[in-house]
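Please read the structure below before turning to the comments.
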Amino acid sequence: MITLRGINKTYGKKKQRFQALKDIDLEIPDGASVAIVGKSGSGKSTLMHVMSGLDRPQSGEVVVDGQDILKLKAKAVDRFRSEKMGFIFQAFFVQGNESSFHNVSLPLEIAKVSRGKRKKMILEALERVEMTDKAQERARNLSGGQKQRLAIARAIVAKPSILFADEPTGNLDSTTGEHIEELLFDLNKQQGVTLVIVTHDRDLASRCDIRVNIKDGAIQSIETPKRPKAKGGKS
């Protein structure tokens with residue numbers, strides 16, 4: 001469970017002061033898929049950064065699995081995040097001169113996972129995104145879709161319970177984007193990973209269990225789109 005209470009976030013001072021988030025209250029159940037939807041500048045990425053501990057608000061509570069991460073010191077937040085969260089960004093942020101294998105290894109190295117355990121975990125993550133054959137390929141030689149799959153492998157290698165994705169298909173063509181979407185929702189449905197997606201894509205948002213609409217830093221509405229019925233009449 002992720003719970004946000006009374007979140008306010010501002011940037012700048014005096015005349016340059018800008019309130020990015022205004023009195024945010026939000027609950028995300030374990031295992032849910034959630035879309036944070038809004039136009040550019042609406043505050044949706046800031047909201048993701050605050051709920052994941054990448055940024056700190058001026059007031060409020062951010063409780064993840066019973067722990068208010070705002071009460072933790074910086075190193076403790078980093079450790080908490082590395083144990084429970086994975087991140088995927090629109091710009092991929094892969095290391096171009098390094099192999100796919102080494103890119104996926106980075107979170108495990110930071111978490112000080114032993115070298116003996118790392119190899120199996122890395123290969124499992126690459127297999128999950130169908131990139132085993134690219135393990136020794138330098139990331140700069142990969143296509144855009146392959147780079148995003150590599151970024152997903154890196155995000156899931158430590159088996160996080162929460163996955164944050166900020167415009168994960170924004171730099172991809174529609175066909176490749178659909179493949180990335182399927183990967184993300186498979187992780188959510190098959191492995192119970194809580195999936196939080198920041199997007200302006202209404203079609204992508206409609207696939208999620210919960211849709212949070214944000215405008216000018218405030219939540220306008222929280223919707224639970226009707227899920228299509230499965231064959232046999234089951235919902």
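In segment 14-73, a dipole from Cβ-located charges (positive for Lys and Arg, negative for Asp and Glu) runs towards its positive end, and of G41, S59, L26 it is G41 whose Cα lies farthest in that direction.
Mean residue ellipticity at 222 nm, helices only, the chain: -10500 deg cm²/dmol; runs of at least 4 DSSP H residues each add -39,500 (n - 2.57), and the sum is divided by the number of residues.
Here the dipole of the chain is about 600 debye; that uses its Cα centre as origin and unit charges on the Cβ of Lys and Arg (positive) and Asp and Glu (negative). For E61, neighbours were defined as the other residues whose beta-carbon sits under 14 Å from its Cβ, and their charges (Lys and Arg +1, Asp and Glu -1) total -1. Size descriptors for segment 1-137: radius of gyration and Dmax over Cα atoms are 17.9, 55 Å. Taking 19 Å as the straight-line reach from the Cα of K84, the aspartates and glutamates in range (excluding those fewer than 8 positions away in the same chain) are E27, D30, D55, E61, D65, D68, E109, E124, D166, D186. As a proxy for reagent exposure, V77, V113 were ordered by neighbouring Cβ count within 10 angstrom, fewest first; the result is V113, V77. Total lysine pairs in segment 9-82 at Cα distances under 25 Å, for residues eight or more apart or on different chains: 21. Other residues lying with their Cβ under 11 Å from the Cβ of L72 contribute a combined charge of +4, Lys and Arg counting +1, Asp and Glu -1. If you run the Gaussian network model on the chain, springs between alpha carbon atoms under 10 Å, then out of S143, S33, S82 the most flexible one is S143. For the chain, a Gaussian network of Cα nodes joined below 10 Å ranks V157, V94, V37 by mean-square fluctuation, and the top entry is V94.
Using every Cα-Cα pair within the chain, state what percent have a distance larger than 25 Å. The calculated P(r) of the chain puts 43 percent of pairs beyond 25 Å. Neighbours of V94, meaning other residues whose beta-carbon lies under 9 angstrom from its beta-carbon, give a summed charge of +2 when Lys and Arg score +1 and Asp and Glu score -1.
Note on D166, D209: ascending count of other Cβ atoms within 10 Å places them as D209, D166, the fewest first.
Could you list K9, K71 so that the one with the fewest beta carbons within 10 Å of its beta carbon is first and the one with the most is last? Intermediate results must be reported in sequence, preceding the final value.
Numbers: K9 22, K71 11.
In increasing order of surrounding Cβ atoms, one gets K71, K9.
Relative to the longest principal axis of the Cα atoms of the chain, the long axis of helix 115-128 makes an angle of roughly 80 degrees.
Counting only alpha carbon atoms, the long axis of helix 144-156 and the longest principal axis of the chain meet at about 80°.
Read-outs: derived from the displayed coordinates by stated rules, not from any lab. In this text the structure is predicted, and so the values were computed from the model without any measurement. All Cβ positions, glycine included, derive from the backbone under ideal geometry; neighbour counts span all protein chains shown.
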